[in-house]
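Some notes on the structure that comes next.
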Amino acid sequence: MYVIDMTKLKKEGEFGSKAWGEACAAASVKILEAANLPEGLDWAFTEHYLYPPARLLEGGREQAGYYILVKDGKISGGDGCPDEARAVNGFHISARWAALCNQSGAFYGTEGQRQRSADEAVMYKSIEAYLGRPNPLATGVKGPKIYWPDEIGGPLMDGKEEGNGLHNIAAAMQIASPEFADFPVTKMRVPIFDEMTESQKKAFLELLQVEM
C-alpha cells in the first residue's frame, strides 16, 4: 500500500497556489518520513513559478512555488522557495507559470511524461515560428546541479505507473485554472499553439509574459 491514498485526496487549489503547494509539500514530507532515509543525506526540491496570475500572490505572498528540504536529519517543506532550500543540492526549477500550469494537471507514468515533453517541444517550436525568434520561455533547471538520488526518487515516484507518485498526487489536488478553459490542448493537456485562434495566441503569450 502506498503512503498516500489517492482516493482520500481532495482538490486544494490551482497550480502554483499557496494551498496547493503546501498540500504537495505535506504529501512529499509524509512520503519521505516513511522512507527511512539514510543518515547524512541532504537534498532539496524547489519549484518557482514565474509570472503567475495576481490572484495567486494575494495576501502578501511573494513567490508562487513550493519546496521540500531534507537537511541534518530533518524533513520539511512548504510554501515558497527559501534560500536555505535552494542552496542544497537537489532539483530546482524556475519556469513561467503558464508554460507548465495546465499539463501539470494530467495523470501519467513514464510514457505519459515522454509524451508531455514531446508535446511541449512542439509548443515551444510553434511559438518560436510565430515570433520569428528563439524560444523565449524561461523553462529549465536553475541553481545547483541536479541531484536526484534513488533514496529520494524511489519513494517520491513510487507507484507512478499505477497512478500514484508525486506528480499524480499533485495533479489530483490541482484545480483547473480558468485561463486555459478554451485553449486547444493535447491528451497531456499541453496547449496546442498552432490550433489557437489569433486572439488565443495573443492571450497565451500574454499569460507567458512574452512580448510579441
Open item on the list: How charged is the neighbourhood of K202? Take every other residue with its Cβ under 14 Å from the Cβ of K202, and add Lys/Arg as +1 and Asp/Glu as -1.
Closed with: -4
Task: Pairwise FRET efficiency - E62 versus M1, Cβ, R0 = 35 Å, nearest 0.05 - done: 0.35
- [ ] Collect residues whose amide H, placed 1.01 Å from N in the peptide plane, falls under 5 Å from the amide H of H92; neighbours closer than 5 in sequence don't count.
- [x] T46, K142
- [ ] Give the long-range amide H neighbours of A64: residues separated by 5 or more places, or on another chain, with amide H under 5 Å away, using H modelled in the peptide plane at 1.01 Å from N.
- [x] Y49
Task: Net charge dipole size for the chain [Lys, Arg +1 and Asp, Glu -1 on Cβ; Debye, nearest 20] - done: 240 debye
- [ ] Please name which of Q209, T186, A64 has its Cα lying farthest along the dipole of the chain towards the positive end, using unit charges on Cβ (Lys, Arg +1; Asp, Glu -1) and the Cα centre as origin.
- [x] Q209
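For n ≥ 4 DSSP H runs only, could you compute -39500 (n - 2.57) per run for the chain, divide by its residues and tell me the 222 nm figure to the nearest 500? Show your work: numbers first, answer last.
Details: 7 runs with 73 residues, N = 212.
-10000 deg cm²/dmol, from helical runs alone.
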Open item on the list: Test of understanding: ordering I93, I152 by Cβ neighbours within 10 Å, fewest first, what list do you get?
Closed with: I93, I152
Open item on the list: Considering the Cα positions of the chain, please state its Rg to one decimal place and its Dmax as a whole number of Å.
Closed with: 17.3, 55
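Any read-out appearing in this document is the output of simple, stated calculations on the displayed coordinates, not a laboratory observation. No experiment lies behind these values; they were computed from the predicted model shown. Every residue, glycine among them, receives a Cβ derived from its backbone with ideal geometry; neighbour counts consider all protein chains shown.
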